[in-house]
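The values are calculated or read from the model by the stated rules, or taken from the named source; none is laboratory data. Keep in mind that what you see is a predicted model, and the values were worked out from it rather than measured. Here the Cβ positions follow ideal geometry from the backbone for every residue, glycine too, while neighbour counts run over all protein chains shown.
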Amino acid sequence: MESRVLSRATAFAAVPSLRKSPRQNGAVSFVSARPIGTVSEGGNLIWGRQLRPALLLEASPSRKEILKPCLAAASSPAEGSDSAGDAKAAPVGFIQKYPALVTGFFFFMWYFLNVIFNILNKKIYNYFPYPYFVSVIHLGVGVVYCLISWAVGLPKRAPMDSNQLKLLIPVAACHALGHVTSNVSFAAVAVSFTHTIKALEPFFNAAASQFILGQSIPVSLWLSLAPVVLGVSMASLTELSFNWLGFISAMISNISFTYRSIYSKKAMTDMDSTNLYAYISIIALIVCIPPALIVEGPQLLKHGFADAIAKVGLVKFVTDLFWVGLFYHLYNQLATNTLERVAPLTHAVGNVLKRVFVIGFSIVVFGNKISTQTGIGTAVAIAGVAIYSYLKAKIEEEKRVSQI
């Protein structure tokens, strides 16, 4: 998901403020503070970072001493005042001690799951060329995963009202259309070529922001998109697997995901990212089923399933569909979780590198032959996306700092 939504544990409103109230009879009391950045079923975050109690306790000796009376008051009578007064901060966990390693692991898993998904997805299309049905499987497996997670309380299901549903339906519809057309392109052309075309997505986002949302886009951002357009054009002219179905489908996917971003900004709620993505997946699945039945249903019943089972066997066919759906859901969820852990600039650069990894691995695994001009065009397009992502994230960071 590209919309940024906050998640994790509920806000800890019990930590008191360090502001002193007026003295009364020589005593000093503390005023309860309101939670910082509270969201429903979410944590306290400052610019995407969780504000943890352990960090407050260990920030400085003075803070620790100030908080001790409050911690003592919150302890049970059985513990006694002495033990409460000597209360120590909880041991620092692995996540707090090695944040860089944890963030690196998130990036690795995001890349790994995305690469595996793209490779397995293309292998399925080599013997089962039905992208509408496969798109339904992707979403269906993800929905089952979400329902099981809700059933065990990980996470607890957030309530949905009619107003939220109205906001999410356009987002889910655009998500469904973008996902299906991406898969149509994957089935029609090489994976590397589809990802090269999808590198144009920032161009459509900038155009939509400028002409639909009325936002002013700096000239530097428009100039950074020039190599993207040039690179994609160079790659398309000499791509050996080029066909119009794959090209047009990838372009429709770009437009769909652009509108998904626009509607996502209007549909921002207090719901955490895991629940939000689950609801979007459910709605998108409902949207995808009718076209799959109409476009591919008769062919599937006539010979589609039978041909696939004859080629690879029933067990492999079913397990391939299951795993590709699971990898699709998990890599999208990991992308959201990674975004929550890093600054926008870091995530933007990481997203560009992910596309490089996918293109590179797909060429190696499938042995796709590309011309010199296609290779140069792809490199120019990716470089343009990297420059655009860097500039856009830098502008957003400067705007955020100026508002503090």
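List of remarks:
- Restricted to helices (runs of 4 or more DSSP H) entirely inside the stretch 56-143, those with at least 1 residues that are within 30 Å of V352 (Cβ to Cβ), in contact with an Asp or Glu (Cβ under 8 Å, 6 or more places away or on another chain) and modelled with pLDDT of 50 or more are 99-127.
- Summed over the stretch 203-248, the residues that are in a loop (DSSP other than H, G, I, E, B) and either among the aromatic types (F, W, Y) or touching a residue at least 40 places away in the same chain (Cβ under 8 Å) (or both) give a count of 8.
- The lone exception for L293 - which of (1) closer than 27 Å to I148 by Cβ; (2) buried (at least 17 other Cβ atoms within 10 Å of the Cβ) it fails: (2)
- Exactly one residue among T338, T372 is modelled with pLDDT of 75 or more, of a type outside the set (A, V, I, L, M, F, W, C) and buried (at least 21 other Cβ atoms within 10 Å of the Cβ), and that residue is T338.
- Scanning the stretch 229-248 for residues that are within 12 Å of Q373 (Cα to Cα), hydrophobic (A, V, I, L, M, F, W, C) and surrounded by 14 or more Cβ atoms within 10 Å (Cβ to Cβ) yields L230, V232, M234, A235.
- Hits in the stretch 116-151 - residues which are under 11 Å from A278 (Cα atoms) and touching a His at 6+ places or on another chain (Cβ under 6 Å): G142, Y145
- Being at pLDDT 85 or above and surrounded by fewer than 18 Cβ atoms within 10 Å (Cβ to Cβ) holds for only one residue in G313, G360, G367, G325, and it is G313.
- Qualifying residue in the stretch 249-257 (condition: buried (at least 21 other Cβ atoms within 10 Å of the Cβ), closer than 19 Å to L339 by Cα and in contact (Cβ under 8 Å) with a residue 24 or more places away in the chain): yes
- Filter pass, V318 being surrounded by 15 or more Cβ atoms within 10 Å (Cβ to Cβ), under 29 Å from the mean Cα position of the chain (by Cα) and farther than 30 Å from L391 by Cα: no
Quick grid of which residues meet (1) over 18 Å from A176 (Cα atoms); (2) part of a helix (DSSP H, G or I); (3) more than 30 Å from the chain's Cα centre (by Cα):
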{"residue": "A250", "(1), (2), (3)": "no, yes, no"}
{"residue": "I255", "(1), (2), (3)": "no, yes, no"}
{"residue": "T258", "(1), (2), (3)": "no, yes, no"}
{"residue": "L276", "(1), (2), (3)": "no, yes, no"}
{"residue": "L285", "(1), (2), (3)": "no, yes, no"}
{"residue": "C288", "(1), (2), (3)": "no, yes, no"}
{"residue": "I294", "(1), (2), (3)": "no, yes, yes"}
{"residue": "K302", "(1), (2), (3)": "yes, yes, yes"}
